[in-house]
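Trainee: Okay, here's the structure, questions in a sec.
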Amino acid sequence: DHIFEKVNPEMEKLGYECKCLGGGKIEHNNKDKKIRVFGLSTGYGKADHSVTVEILKKEYTDYEITWSDDKK
């Protein structure tokens with residue numbers, strides 16, 4: 001939640017209302033062009049990693065992007 005707590009006040013200044021829907025981790029390997037989304041937040045639970053992957057695919061079009069419910 002430390003990232004959300006840093007970003008939320010700045011987003012509110014821009015007029016956005018934010019809510020954290022869950023968390024996790026992103027492992028980025030730029031050498032092999034792979035991104036892995038996994039894990040969960042102890043405070044917010046697990047985000048819908050499939051949504052995260054779809055967002056990442058728009059920017060990282062030449063990457064292999066996967067997700068799992070693994071914690072590590």
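Bear in mind these aren't lab numbers, they're just calculated from the coordinates by the rules spelled out. On a predicted model such as this, the values are computed, not experimentally measured, just so you know. Note: ideal-geometry Cβ built from the backbone for every residue, glycine included; neighbour counts use all protein chains shown.
Trainee: If each of CYS18 and LYS34 carries a label point 7 Å out from its Cα toward its Cβ, how far apart are those two points in nm?
Mentor: Those two pseudo-labels are separated by 3.1 nm.
Trainee: To the nearest 10 degrees, how steep is helix 2-13 against the longest Cα principal axis of the chain, on a 0 to 90 scale?
Mentor: On a 0 to 90 degree scale, this one is about 60.
Trainee: Further, regarding this structure: If you build the Cα gyration tensor of the chain and take the root of 5 times each eigenvalue, what three semi-axes come out, in whole angstrom, biggest first?
Mentor: 24, 16, 10
Trainee: Could I ask something else about it? Which whole-Hz couplings ³J(HN,Hα) result when phi for each residue of the range 45-52 is put into the Karplus expression 6.51 cos²θ - 1.76 cosθ + 1.60, θ = phi - 60°, listed in order with x for Gly and Pro?
Mentor: x, 8, 6, 7, 5, 5, 5, 4
Trainee: Label-point separation (nm) for TYR44 and VAL7, each offset 7 Å from Cα along Cα-to-Cβ?
Mentor: Between TYR44 and VAL7, the simple spin-label model gives 0.7 nm.
Trainee: Considering only DSSP states other than H, G, I, E and B, which chymotrypsin sites (Phe, Trp or Tyr not before Pro) in the chain qualify as loop sites with at most 13 other Cβ atoms within 10 Å?
Mentor: For chymotrypsin sites (Phe, Trp or Tyr not before Pro) across the chain that sit outside H, G, I, E and B with at most 13 neighbouring Cβ atoms in 10 Å, the list reads TYR16.
Trainee: In sequence order, what are the phi-derived ³J(HN,Hα) couplings for the range 15-28 according to the Karplus relation 6.51 cos²θ - 1.76 cosθ + 1.60 with θ = phi - 60°, rounded to whole Hz, with x for glycine and proline?
Mentor: Those phi angles translate into x, 8, 9, 10, 9, 7, 9, x, x, x, 10, 10, 9, 10 Hz.
Trainee: Right, next: Show that you can apply the helix-only estimate: for the chain, add -39,500 (n - 2.57) for every DSSP H stretch of four or more residues, divide by all residues, and state [θ] at 222 nm to the nearest 500.
Mentor: -10000 deg cm²/dmol
Trainee: Over the chain, what is the relative contact order in whole percent, taking alpha-carbon pairs under 8 Å and six or more residues apart?
Mentor: 29
Trainee: Hey, another quick one. Please give me the summed charge of the neighbours of GLU64: other residues whose Cβ is under 13 Å from its Cβ, Lys and Arg +1, Asp and Glu -1.
Mentor: +2
Trainee: Between GLY23 and residues 5 or more places away or on another chain, which pairs have amide H atoms under 5 Å apart, with H built 1.01 Å from N, and which residues are they?
Mentor: SER41, GLY45, LYS46, ALA47
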